[in-house]
Amino acid sequence: MRVLLGITGGIAAYKSAEIIRNLTELGHEVRVLPTENALRFIGATTLEALSHNVVDAGLYTDVESVKHIELGQWADVVLVAPATASFVARTAAGIADDLLGNVMLATKARIIVAPAMHTEMWFNEATVENVKILRERGIEVIEPASGRLTGEDSGIGRLPDTETIVAALLASGGLSGKRVIVTAGGTREPIDPVRFIGNYSSGKQGIAIAVAAADAGAKVTLIAANLDFATTRFDVIRVETVAELQVAVRNSTTGADALVMSAAVSDYRVRTESATKLKKSNLGETTSIELVANPDILSEVDVPGLLKVGFAAETNGDLSDLAKLKLESKGCQLLVANDVSNGAVFGANETSVVVVDDAGGETRLTGSKSDVAKVLIQKIVERLS
Ligand code: C5P
């Protein structure tokens with residue numbers, strides 16, 4: 001792919017070096033177009049050395065080659081990372097006072113913008129409005145990550161990590177023609193007509209994965225355990241119990257390419273569900289419920305050629321060791337492990353995970369569940385292609 005990397009003048013500009021390195025290592029061709037202010041944060045020499053291409057950001061140099069048209073036509077994708085609030089505003093207004101601004105108006109390529117700025121600036125009404133305008137025009141805007149900012153402060157506004165940006169860039173179309181089954185949410189095992197054994201899973205990560213898979217062109221089936229989620233973009237099968245989830249997984253995985261088991265599945269169910277509400281007056285001060293083990297759905301799925309992606313929610317022990325053990329015991333090719341101690345991750349929009357694979361690879365990812373989903377989908381794309 002031919003990537004034109006626009007860099008604008010924020011402190012995160014230094015991270016563009018890693019993006020260039022990452023893309024060229026993956027075999028993509030990169031040309032770099034910094035703004036004048038970006039060159040205060042990172043030198044043209046670095047950009048030229050890493051991209052193996054000359055950097056000439058001048059609007060009035062080499063004019064006979066009509067650079068903005070040539071660059072705009074050359075690119076398969078224009079990625080601007082980092083994008084400052086000012087750049088986002090200039091783009092929303094169509095201002096073309098430098099070479100990058102001219103390319104933005106001239107190109108017909110796909111455009112992806114990764115903003116990075118202080119939290120206050122990101123949430124400023126003007127920026128919110130400008131980002132909306134960009135998205136309405138079909139420009140993809142990657143949500144900034146949360147974390148340490150330039151000073152002592154932290155919050156939303158950081159440039160997402162290189163993996164996330166590169167995954168967003170490569171995700172498009174990578175799963176076209178593929179069938180991906182995603183489970184999400186948490187199962188409920190009935191005790192009586194009014195009570196159940198459940199868990200805190202919100203389903204946000206699984207839904208984000210289903211959406212990212214659909215964005216990448218896959219035909220998606222989402223098996224939603226006790227979720228309200230509805231969409232017209234892909235099939236949603238609603239289930240409540242592990243038994244229902246098991247049937248849905250069995251029925252949908254034949255002929256599928258990948259199964260992502262992000263649902264939190266109850267390990268046990270109640271041996272005998274009471275047909276009527278259990279009453280304290282009949283049970284006394286202490287009581288017990290007999291539980292029987294549920295089948296392990298992920299372990300039992302054995303469809304030739306199916307890529308199995310498991311999840312693990314852990315509260316103690318070394319996350320990456322636990323992830324590797326679970327990867328093997330469940331027969332998965334990828335496993336995503338969360339540390340959910342102290343109520344972390346459940347219901348939140350942000351997450352931090354370790355992804356291990358059966359080739360011994362390990363990646364740590366922190367960011368929004370949607371960004372993590374994109375990276376995971378990229379890993380699935382790589383495995384399926
Ligand atoms: O063993 P543990 O519950 O930690 O494993 C979590 C992974 O296994 C998740 O991917 C979950 O969806 C799946 N699982 C399953 N059937 C069960 C329990 C968990 O498929 N009975």
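Bridges between two residues of the chain, per DSSP, are antiparallel at a rate of about 35%.
Between ASP56 and ASP358, full extension at 0.36 nm per residue minus the direct alpha carbon distance yields a gain of 104.4 nm. Is the shape of the stretch 179-384 best called rounded, prolate or oblate, per the rule: a/c under 1.5 gives rounded, else a/b larger than b/c gives prolate, else oblate, with a ≥ b ≥ c the square roots of the Cα gyration tensor eigenvalues? Prolate, because a/c is 1.5 or more and a/b exceeds b/c.
Relative to the longest principal axis of the Cα atoms of the chain, the long axis of helix 125-136 makes an angle of roughly 90 degrees. Between the helical axis of 162-171 and the dominant principal axis of the chain, each derived from Cα atoms, what acute angle in degrees is found, rounded to the nearest 10? Computed tilt is about 90 degrees. Heavy-atom accessible surface of the chain, averaged per residue, reaches 48 Å², computed with a 1.4 Å probe.
Compute the Cα gyration tensor for the stretch 234-333, then decide on rounded, prolate or oblate, letting a ≥ b ≥ c be the square roots of its eigenvalues: rounded whenever a/c is under 1.5, prolate when a/b is larger than b/c in the other cases, and oblate in all that remain. Taking the square roots of the gyration eigenvalues as a ≥ b ≥ c, the stretch 234-333 is oblate.
Taking Cα atoms only, the orientation of helix 16-25 departs from the longest principal axis of the chain by about 80 degrees. Its Cα gyration tensor gives the stretch 94-252 an equivalent ellipsoid, and the semi-axes of that ellipsoid, as √(5λ) in whole Å with the largest first, are 38, 21, 13.
By its C-alpha gyration tensor, with a ≥ b ≥ c as the square roots of the eigenvalues, how is the chain shaped: rounded for a/c under 1.5, else prolate for a/b larger than b/c, else oblate? Prolate is the answer for the chain, as a/c is 1.5 or above and a/b outweighs b/c.
Annotation: extensible slack from ILE69 through ASP318 equals 84.4 nm (criterion: 0.36 nm per residue apart, minus Cα-Cα distance). Spin-label model, ASP228 to GLU29: label points 7 Å out along the Cα-to-beta-carbon direction sit 5.0 nm apart. Distant-in-sequence amide contacts of ILE156, defined by a placed amide H-H separation under 5 Å and a gap of 5 or more residues or a different chain, comprise GLY147.
Counting only DSSP beta bridges whose two residues both lie in the stretch 179-384, roughly 40 percent are antiparallel. Protection proxy ranking, highest mean first, for peptides 226-238, 4-16, 277-289, 45-57: 4-16, 45-57, 226-238, 277-289, where packing is the per-residue count of other beta-carbon atoms within 10 Å, averaged. Taking the Cα centre of the chain as origin and assigning +1 to Lys and Arg Cβ atoms and -1 to Asp and Glu Cβ atoms, the resulting dipole is close to 940 debye. Applying the Karplus relation 6.51 cos²θ - 1.76 cosθ + 1.60 with θ = phi - 60° to the stretch 37-47 yields 3J(HN,Hα) values of 6, 4, 6, 6, 9, 8, x, 4, 4, 4, 5 Hz, where x marks Gly and Pro. Rounded to the nearest Hz, the phi-derived 3J(HN,Hα) couplings of the stretch 283-297 under the Karplus curve 6.51 cos²θ - 1.76 cosθ + 1.60 (θ = phi - 60°) are 8, x, 6, 10, 8, 9, 10, 7, 10, 10, 5, 7, x, 8, 4, where x marks glycine and proline.
Residues whose amide H falls under 5 Å from that of VAL141, counting only those 5 or more places apart or on a different chain, are VAL113, with hydrogens built in the peptide plane.
Taking amide H positions as modeled 1.01 Å from N, with prolines and chain starts lacking one, the residues under 5 Å from SER266 and 5 or more places away or on another chain are THR187. Using a probe of 1.4 Å, the accessible surface attributed to ARG158 totals some 80 Å² when neighbouring protein chains are kept in position.
Modelled spin-label separation between SER176 and THR272, with each label point placed 7 Å from Cα along the Cα-to-Cβ direction: 5.8 nm.
Taking a straight Cα-Cα cut-off under 13 Å and skipping sequence neighbours fewer than 8 places away in the same chain, the aspartates and glutamates within cross-link reach of LYS277 are ASP192.
The values are calculated or read from the model by the stated rules, or taken from the named source; none is laboratory data. Because the structure is predicted, anything quoted here is derived from the model rather than measured. A quick note on method: Cβ atoms are made from the backbone with ideal geometry, for glycine too, and the neighbour counts reach across all protein chains shown. For accessibility, only protein heavy atoms count, side chains too; no ligands or nucleic acids. Shrake-Rupley method; radii C 1.70, N 1.55, O 1.52, S 1.80 Å.
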